[in-house]
1. Test of understanding: among Gly202, Gly155, which residue is closer than 30 Å to Gly295 by Cα, open to solvent by 60 Å² or more (accessible area, probe 1.4 Å), in contact (Cβ under 8 Å) with a residue 60 or more places away in the chain and part of a loop (DSSP other than H, G, I, E, B)?
2. For Val173, work out the one condition from (1) buried (at least 18 other Cβ atoms within 10 Å of the Cβ); (2) at pLDDT below 90; (3) among the aliphatic types (A, V, I, L, M) it doesn't fulfil.
3. Among the numbered criteria (1) in contact with a helix residue (DSSP H, G or I) (Cβ under 8 Å, 6 or more places away or on another chain); (2) over 11 Å from Asn169 (Cβ atoms); (3) among the hydrophobic types (A, V, I, L, M, F, W, C); (4) modelled with pLDDT under 90, which single criterion is violated by Leu263?
4. Out of (1) out of contact with any helix residue (DSSP H, G or I) (no Cβ under 8 Å at 6 or more places or on another chain); (2) of a type outside the set (A, V, I, L, M, F, W, C); (3) open to solvent by less than 60 Å² (accessible area, probe 1.4 Å); (4) in contact (Cβ under 8 Å) with a residue 60 or more places away in the chain, the odd one out for Asn31 is which?
5. With the checklist (1) within 33 Å of the chain's Cα centre (by Cα); (2) at pLDDT below 90; (3) open to solvent by 60 Å² or more (accessible area, probe 1.4 Å) in hand, flag the one item Gln67 doesn't pass.
6. Tell me, which residue of segment 189-209 that is of a type in the set (D, E, K, R) and under 30 Å from the mean Cα position of the chain (by Cα) is farthest from Tyr277 (Cα to Cα)?
7. Can you tell which of Val148, Val173 is more than 21 Å from the chain's Cα centre (by Cα) and closer than 27 Å to Trp296 by Cβ?
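The values are calculated or read from the model by the stated rules, or taken from the named source; none is laboratory data. Computed from a predicted structure; not experimentally measured. Every residue, glycine among them, receives a Cβ derived from its backbone with ideal geometry; neighbour counts consider all protein chains shown. Surface areas here come from the heavy atoms of the whole protein model, side chains and all, with no ligands, DNA or RNA. Shrake-Rupley method; radii C 1.70, N 1.55, O 1.52, S 1.80 Å.
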Amino acid sequence: MRRALPPFNYIVVADAVFRSGSFEVAASDLNVTPSAITHQVKAIENWLGFELFNRDGRTITTTPLGQEFLGRISEQLDRIEGATRDTLEARGTGQTLKVQTTDSFARMVLIKRITALKKERNHFRSALTIRIATFEFTKSFQPTEADVAILYGDGKFENAHVLFSRRENILPVCSPKLLTLRPPLQPKDIFTMPIITDYLLGTSWRHWCEFVGHETTRRDIQQIDAALMVNHSHLAIEAAIDSQGVALVSDILAADAIMSGQLVPITDRWLTSGNGYHIVSGAGRPRRDVDEFAGWMADELVFEVASSA
């Protein structure tokens, strides 16, 4: 018996608009033009005989019938997607999970944990391929390039749904090999040591001095001006591990090095930057593997490191 079903592609398009609340976002997610989305939504509405969405300028809301229909459709599409992924994984042909993040987060946090991710979480079996793409920290979520992203910033991202946030602290650290005094150190002691500056960190040594109430001397400024300058946080952290000086770092990126003893926090005064790392997905409901990855990554970002040696 023939099923009374509208064309499946029309269903997928209407579901994308329903989940995102936007024709433009749905077009971006499906890699088509907004006019194509409009045409296919109109086509399924003609097929059904009722409107799915109210159109009031740029605001899109569902009609009562649209809410009932698309709510049930979305649940069934989730089941179809889940069944597809389960079958593909069982056959060893699982799909790729594309992860967007920054160079420093990938280098200092994510790469080290990928093997553990597959071992510790049963739903992430070896059939799952994880593809990591890094962009500058100022880059917004790229839905055509990634399924999920770990972005740096204040947590306000357009066309993205924040699944988890971890705010960062900024603190000075160095290799224990450089220490001649027991922490916590005073600023005057810190500026007798070589300085490393990540000039894109957003928090400068002068900011940190203001935060701790230290009035910089001419010698302090000379030491800051003579700093090793780098443009990535992972370079500053790795230079500090290599005993090249004291660096201001994010506690999120430096956590592994601190907890392993490669780096030592040398003050008990930590500055909250207002920024942090945020796990985000597209504006609609996240896929199951995205949701599971976000949950695992969130667990990895819940930690505490000692404030001083």
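1. Details: Gly155 fails: open to solvent by 60 Å² or more (accessible area, probe 1.4 Å).
Exactly one of Gly202, Gly155 is closer than 30 Å to Gly295 by Cα, open to solvent by 60 Å² or more (accessible area, probe 1.4 Å), in contact (Cβ under 8 Å) with a residue 60 or more places away in the chain and part of a loop (DSSP other than H, G, I, E, B), namely Gly202.
2. (2) is the only condition that Val173 fails.
3. (4)
4. Unmet condition: (3).
5. Result: Gln67 passes all but (2).
6. Let us first name the residues in segment 189-209 that are of a type in the set (D, E, K, R), namely 189, 198, 206.
Filter once more, keeping what is under 30 Å from the mean Cα position of the chain (by Cα): 198, 206.
Working: Asp198: 17, Arg206: 24 Å.
Across segment 189-209, the extreme among qualifying residues is Arg206.
7. Working: Val148 fails: more than 21 Å from the chain's Cα centre (by Cα).
Sole residue among the options that is more than 21 Å from the chain's Cα centre (by Cα) and closer than 27 Å to Trp296 by Cβ: Val173.
Quick grid of which residues meet (1) closer than 28 Å to Ile150 by Cα; (2) surrounded by fewer than 11 Cβ atoms within 10 Å (Cβ to Cβ); (3) aromatic (Phe, Trp, Tyr); (4) at pLDDT below 90:
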{"site": "His39", "(1), (2), (3), (4)": "no, no, no, no"}
{"site": "Ala43", "(1), (2), (3), (4)": "no, no, no, no"}
{"site": "Phe50", "(1), (2), (3), (4)": "no, no, yes, no"}
{"site": "Arg55", "(1), (2), (3), (4)": "no, no, no, yes"}
{"site": "Thr62", "(1), (2), (3), (4)": "no, no, no, no"}
{"site": "Ala83", "(1), (2), (3), (4)": "yes, yes, no, yes"}
{"site": "Val109", "(1), (2), (3), (4)": "yes, no, no, no"}
